[in-house]
Amino acid sequence: EFFAPKQAVLQNQTVLVTAGPTKEKLDPVRYFTNRSSGKMGYALAEQAALLGANVILISGTDRLPIPQDVTWIHVESAEDMYKEVMKHSVGADIIIKSAAVADYRPKQMFDSKIKKSADRIMIEMEKTTDILYELGKRKKDQFLVGFAAETNHVEEYAREKLTRKNADMIVANNVTLEGAGFEGNTNIVTIYHKDGSAKELPIMSKADIAKEILMEIASQMGEWQT
Ligand code: CTP
Ligand code: CA
């Protein structure tokens, strides 16, 4: 019997993956976060390692098993993630930003627990740094992949992000669909390319979607380097 050797299409490639939510502290006992589980990013990190890549996984969650042969860095806030991504992006050939980075953080972090005294309180929020946008600005010969979690106008918003953030690919999902989105083990995504083409995938496991995304990246990079 003939067995094909394990595919190593990402051999010698360094892949940086971000995954999970960020946590934005309000006081020592409270934070703002979102429903991202990190499963899609972890699947990407795991599959990239299986395809032969050197993988760095910058994670906002510590609740998932760490994939084998992956360098794992745990972060909490969007600011932490930004710093770690900038530190490790230098040597990365491929950067996949699947993390659900908080868009806003409390403007003020209270040193002690906010006590329940007033009938209502106002919490002022300020914008976080858009990590993907910053990567897109600095990008030279890297392949940059963003995600877009949308509830409506999926294609329009995904294409807008592709252009504005100078990404090479956007993986969009409609989080309102059954079988797509946050905690589940499946997802329904469409991959949007810079050249205007798109690839709509049926409902699949996050592991299979990760493989598809990585094969799309490898094929695009092949075309782009020749
Ligand atoms: N992203 C990021 N830094 C942020 C916010 C988002 O790097 N502060 C990245 C995400 O990791 C994702 C992409 O940008 O790869 C798109 O994130 P998304 O939340 O869909 O888009 P936003 O630009 O934040 O716009 P909006 O939330 O208004 O749709
Ligand atoms: Ca956002």
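When the chain is described by a simple charge dipole with +1 on each Lys and Arg Cβ and -1 on each Asp and Glu Cβ, the residue from V29, M204, I56 located farthest towards its positive end is V29.
Whole number please: convex hull volume per residue, Cα atoms of segment 63-207, in Å³.
Working: hull volume 25.0 nm³, N = 145.
Value for segment 63-207: 172 Å³ per residue.
Per atom type, segment 9-56 shows carbon and sulfur on 48% of its accessible surface, probed at 1.4 Å. Backbone geometry of segment 158-169 corresponds, through the Karplus equation with coefficients 6.51, -1.76 and 1.60 at θ = phi - 60°, to 3J(HN,Hα) couplings of 5, 5, 5, 5, 4, 6, 5, 9, 6, 8, 9, 7 Hz, x marking Gly and Pro. The sum of -39500 (n - 2.57) across all DSSP H runs of n ≥ 4, divided by the residue count of the chain, sets its helix-only mean residue ellipticity at 222 nm to -9000 deg cm²/dmol.
Note that the chain presents 56 Å² accessible area per residue, ligands and nucleic acids not counted, probe 1.4 Å.
Kindly provide the GluC sites (Glu not before Pro) of segment 139-210 that DSSP labels as loop, not H, G, I, E or B, and whose Cβ sees at most 14 other Cβ atoms within 10 Å. Show your work: numbers first, answer last.
Numbers: sites: E150, E155, E156, E160, E178, E183, E200; in loops: E178, E183.
Taking segment 139-210 and a limit of 14 other Cβ atoms within 10 Å, the loop GluC sites (Glu not before Pro) found are E178, E183.
Distant-in-sequence amide contacts of M169, defined by a placed amide H-H separation under 5 Å and a gap of 5 or more residues or a different chain, comprise L144, G146. Shape of segment 47-110 from the C-alpha gyration tensor: prolate (a/c of 1.5 or more and a/b above b/c, with a ≥ b ≥ c the square roots of its eigenvalues). Give the range of the longest stretch in the chain that excludes all chymotrypsin sites (Phe, Trp or Tyr not before Pro) found in loop regions by DSSP and having at most 11 other beta-carbon atoms within 10 Å. Longest run free of exposed loop sites: 4-226. Looking at the chain, the DSSP beta bridges with both ends there are about 40 percent antiparallel. Restricting segment 1-104 to GluC sites (Glu not before Pro) that sit in a DSSP loop and have at most 12 other Cβ atoms within 10 Å of their own Cβ leaves E1.
When all protein chains stay in place and ligands, DNA and RNA are ignored, the 1.4 Å accessible-area order of R159, R30, R164, R120, largest first, is R120, R164, R30, R159.
The values are calculated or read from the model by the stated rules, or taken from the named source; none is laboratory data. The structure displayed is predicted, hence computed values, not measured ones. Cβ: placed from backbone, ideal geometry, glycine included. Neighbour counts: every protein chain shown. Protein only, heavy atoms only, side chains kept; ligands, DNA and RNA dropped before computing areas. Shrake-Rupley method; radii C 1.70, N 1.55, O 1.52, S 1.80 Å.
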